[in-house]
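Working notes for the structure below.
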Amino acid sequence: MYILEVENLLKRFGGLAAVDNVSFKVKRGEILALIGPNGAGKTTCFNMIAGAMPPTSGRVLFNGRDVTRHKPYDLNAHGMARTFQVVKPLAKLTVFDNLMVACLSKSRNIKEAREKAQQVMTRTRLEALANHEAGLLSIGNLKRLEVARALATEPELLLMDEPMGGLTPAEVDQAIELIRDINAGGVSIVLIEHIMKAVTAVADSIVVLQYGQIIAMGEPAAVMNDERVITAYLGDGYVASR
Ligand SMILES: Nc1ncnc2c1ncn2[C@@H]1O[C@H](COP(=O)(O)OP(=O)(O)O)[C@@H](O)[C@H]1O
Ligand SMILES: [Mg+2]
């Protein structure tokens, strides 16, 4: 039933509890949004879930199995992928070759990998840029490549860290469509995002972090109307613009 369960996750950096006793669950097939102000601990949560950083304490269950402190490549091989807030393409390689590298982590068969790379390019609308050097792409295209690279590893669970940061409004709409499409294909998603329009458009549930702690969680409508969330994060401007 749950693809991901985070239990009492704690991460200390010296005296700072960047993530402070955080627990939440992601149902198979759902999109859960993780929101909150800058510095709230969102990326640190991802780092611990995806194995990039060990928690000080707490547990991460993936498909019911304890995967706390497992390595990123191991988690990826078992169906967990992530995209980074600061995108990490292989800058000197083309878009296509970036995807080939990701596909070859799943299959050693070149022909299969090529087909998969092609499929992923179509799905993420990167075909026209196949032979472009990744390091020279616009931020919008880089963000799509970041998603494409994660998709190429055929995840069951995709962790997306601010995939819409720096995008134009038209690109945000495209990104919303892409997230819906990925989810419709059976991929569960945890989405860190600041653009509330996007969050409300796709999220089945929302977790709100502030100073490392969960201050609200549940269905989007209830969370977005929660006084603490409005005060801590959304602000009066959000209320006014609803
Ligand atoms: N590697 C690190 N070493 C020390 N402090 C860190 C490290 N990573 C994050 N932090 C601190 O932890 C807090 C949470 O950061 P982060 O998880 O990046 O927040 P968010 O993604 O919500 O903006 C911040 O105060 C940040 O400065
Ligand atoms: Mg972050």
Could you check how many residues of region 138-180 are without any contact (Cβ under 8 Å) to a residue 40 or more places away in the chain, on the phi > 0 side of the Ramachandran plot and more than 16 Å from ligand 1 (Cβ to nearest atom)? 0
Please pick out the residue among ASP204, ASP226 that is in contact with a Gly (Cβ under 9 Å, 6 or more places away or on another chain), open to solvent by 10 Å² or more (accessible area, probe 1.4 Å), charged (D, E, K, R) and at pLDDT below 95. ASP226
Cross-chain or 6+ apart pairs with Cβ under 9 Å, region 181-208 first and without any contact (Cβ under 8 Å) to a residue 24 or more places away in the chain, then open to solvent by 50 Å² or more (accessible area, probe 1.4 Å) and away from ligand 2 (no atom under 16 Å from the Cβ): GLY185/ARG123
Regarding region 65-72, can at least one residue be identified that is more than 13 Å from ligand 2 (Cβ to nearest atom), open to solvent by 10 Å² or more (accessible area, probe 1.4 Å) and in a strand (DSSP E or B)? yes
Does ASP181 qualify as being open to solvent by 50 Å² or more (accessible area, probe 1.4 Å) and in contact with a strand residue (DSSP E or B) (Cβ under 6 Å, 6 or more places away or on another chain)? no
Please indicate, with yes or no, whether at least one residue in region 73-84 is at pLDDT below 95 and hydrophobic (A, V, I, L, M, F, W, C). yes
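Conditions (1) over 18 Å from PHE46 (Cβ atoms); (2) more than 12 Å from the chain's Cα centre (by Cα), marked per residue:
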position: ARG149; (1), (2): no, yes
position: ARG180; (1), (2): yes, yes
position: ILE192; (1), (2): no, no
position: ILE195; (1), (2): no, yes
position: ALA198; (1), (2): no, yes
position: VAL208; (1), (2): no, yes
position: ALA232; (1), (2): yes, yes
Residues being outside any helix (DSSP H, G or I), more than 24 Å from LEU129 (Cα to Cα) and at pLDDT below 95: count how many of those fall in region 142-197. 2
Candidate set from region 104-117 (those that are at pLDDT 95 or above and either hydroxyl-bearing (Ser, Thr, Tyr) or buried (at least 19 other Cβ atoms within 10 Å of the Cβ) (or both)); member that is nearest to LEU136 (Cα to Cα): ALA117
Criterion first (surrounded by 23 or more Cβ atoms within 10 Å (Cβ to Cβ) and either on the phi < 0 side of the Ramachandran plot or part of a strand (DSSP E or B) (or both)) does VAL101 satisfy it? no
Hits in region 118-141 - residues which are open to solvent by less than 20 Å² (accessible area, probe 1.4 Å) and in a helix (DSSP H, G or I): VAL120, MET121, ALA134, GLY140
How many residues are surrounded by fewer than 15 Cβ atoms within 10 Å (Cβ to Cβ) and modelled with pLDDT of 95 or more if we restrict to region 15-28? 5
I want to confirm something. Restricting to region 80-98 and keeping residues that are in a loop (DSSP other than H, G, I, E, B) and open to solvent by less than 40 Å² (accessible area, probe 1.4 Å), which single residue is farthest from ligand 1 (Cβ to nearest atom)? PRO89
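The values are calculated or read from the model by the stated rules, or taken from the named source; none is laboratory data. Please read all numbers here as calculations on a predicted model, not as lab measurements. Don't worry about glycine lacking a Cβ; one is built from the backbone with ideal geometry, like all the others, and counts go over all protein chains shown. Just the protein is used for accessible areas: all its heavy atoms, side chains included, with ligands, DNA and RNA removed. Shrake-Rupley method; radii C 1.70, N 1.55, O 1.52, S 1.80 Å.
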